[in-house]
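Novice: Could you have a look at this structure, given as C-alpha cells, before my questions?
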Amino acid sequence: MHISLRAALCLPFLALAACEDMSTTGGSDPEGPSKRSCIRAVEKHTGKSGGTLNTTIPIVETGQHIVDIPGGPSWTCYTDETGAARELIETRLG
C-alpha cells in the first residue's frame, strides 16, 4: 500500500481532530459532579425537588451554575475546586 507524503503528514492532525471532537461531545462531563452538587444543594436549601440547570442565562465564571426550582426563584451556585457546592445566591430575574 502506498501512502503519499501529504496524506502521511495529515494523519496526525485528523486523529487529533477526532480526539477533540470526542472530548467535547461524548464521554464523561467534567462539570457533571458540580452541576449535580448545585442541584442537590438548592433542593436541600429550598425544600423543593425538581431543580434543573438553567441553560439560557450566560455563565461567566468557572464553577458557577444557575439552578431553577419549579414555582420558585432561580439560584446561582458557586462550587469549589472539587466540584462541591459552596455558596448559593437567590437570583432575582425580571
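Novice: Looking at the stretch 61-94 only, could you name the residues that are under 12 Å from the mean Cα position of the chain (by Cα) and either among the small types (Gly, Ala, Ser) or open to solvent by 40 Å² or more (accessible area, probe 1.4 Å) (or both)?
Specialist: Across the stretch 61-94, the qualifying residues are GLU61, THR62, GLY63, GLY83.
Novice: Mind checking which pairs have a first residue in the stretch 62-91 that is more than 14 Å from GLY51 (Cα to Cα) and at pLDDT 95 or above and a second that is open to solvent by 20 Å² or more (accessible area, probe 1.4 Å) and assigned to a loop (DSSP other than H, G, I, E, B), Cβ under 7 Å, 6 or more apart or different chains?
Specialist: As it stands, the answer is ARG86/ASP80, since those pairs meet every condition given.
Novice: Collect the residues in the stretch 28-52 that are within 16 Å of GLU87 (Cα to Cα), within 12 Å of the chain's Cα centre (by Cα) and free of Cβ contacts under 8 Å to residues at least 40 places away in the same chain, keeping them in residue-number order.
Specialist: Of everything in the stretch 28-52, those that are within 16 Å of GLU87 (Cα to Cα), within 12 Å of the chain's Cα centre (by Cα) and free of Cβ contacts under 8 Å to residues at least 40 places away in the same chain turn out to be LYS35, ARG36.
Novice: Return the residues of the stretch 43-55 that are of a type outside the set (S, T, N, Q) and either touching an Asp or Glu at 6+ places or on another chain (Cβ under 9 Å) or under 8 Å from ILE69 (Cα atoms) (or both); say none if nothing qualifies.
Specialist: Passing the criteria: GLU43, LYS48, GLY50, GLY51, LEU53.
Novice: Can you tell me how many residues within the stretch 31-51 are assigned to a helix (DSSP H, G or I) and open to solvent by less than 70 Å² (accessible area, probe 1.4 Å)?
Specialist: Qualifying residue count for the region: 11.
Novice: Quick check, is THR25 open to solvent by 90 Å² or more (accessible area, probe 1.4 Å) and at pLDDT below 60?
Specialist: Judged against the criteria, THR25 is a match.
The values are calculated or read from the model by the stated rules, or taken from the named source; none is laboratory data. Note that the structure is predicted; figures quoted are calculated from it, not measured. Heads up, the Cβs are rebuilt from the backbone with ideal geometry, glycines too, and the neighbour counts pull from every protein chain shown. The accessibility values were calculated without ligands, DNA or RNA, using every heavy atom of the protein model including side chains. Shrake-Rupley method; radii C 1.70, N 1.55, O 1.52, S 1.80 Å.
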